[in-house]
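Report on one structure; see the data block that follows.
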Amino acid sequence: MPIPTHDLSCITKAFNTKCPDCKCDVYFFSCNCGSKVYFDDLGDPWPKHRCNERNIRKRLELMQDLERRSHDEIYTIIMEFSEDRGYDIPEKYL
Ligand SMILES: [Zn+2]
Ligand SMILES: [Zn+2]
């Protein structure tokens with residue numbers, strides 16, 4: 001996916017807030033060309049806030065909508081998905 005270019009009139013905003021999912025302190029960054037990103041910290045290396053729960057929940061919802069899989073299959077997919085990305089799986093999904 002190409003990185004969106006920010007033109008010269010781009011105005012950026014960043015403020016301290018709480019992640020709506022995990023309630024951690026995060027920085028919300030947005031600009032008027034449409035970028036909206038949560039960061040754990042502002043500045044190099046710009047660590048994006050990786051919200052485990054949100055990502056896993058989305059994945060679960062997607063699978064449940066699109067496919068009828070057994071619990072074991074879904075569990076295996078979630079495990080692989082999480083390991084790929086280095087996520088910890090929220091306990092309630094184990
Ligand atoms: Zn921009
Ligand atoms: Zn979060």
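See the values below:
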{"read-out": "Simple spin-label estimate for residue 75 and residue 46 in nanometres, 7 Å along Cα-Cβ", "value": "4.0 nm"}
{"read-out": "Net charge contributed by nearby residues that have their C-beta within less than 13 Å of residue 35 (K/R +1, D/E -1)", "value": "+2"}
{"read-out": "Fully extended contour minus Cα-Cα distance, from residue 12 to residue 57, at 0.36 nm per residue", "value": "13.3 nm"}
{"read-out": "Under Karplus coefficients 6.51, -1.76 and 1.60, residue-wise ³J(HN,Hα) of segment 16-30 in Hz, glycine/proline x", "value": "6, 8, 10, 4, x, 9, 9, 6, 6, 6, 9, 10, 9, 10, 9"}
{"read-out": "Calculated on alpha-carbon atoms, Rg and Dmax of segment 1-49 in Å", "value": "11.6, 34"}
{"read-out": "Burial ranking of peptide ranges 33-39, 70-76 (average Cβ count within 10 Å, highest at the top)", "value": "33-39, 70-76"}
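Quick note: the coordinates plus some simple rules give every number you see, no bench work behind them. Because the structure is a prediction, the values reported are computed rather than measured. Backbone-built Cβ (ideal geometry, glycine too); neighbour counts: all protein chains shown.
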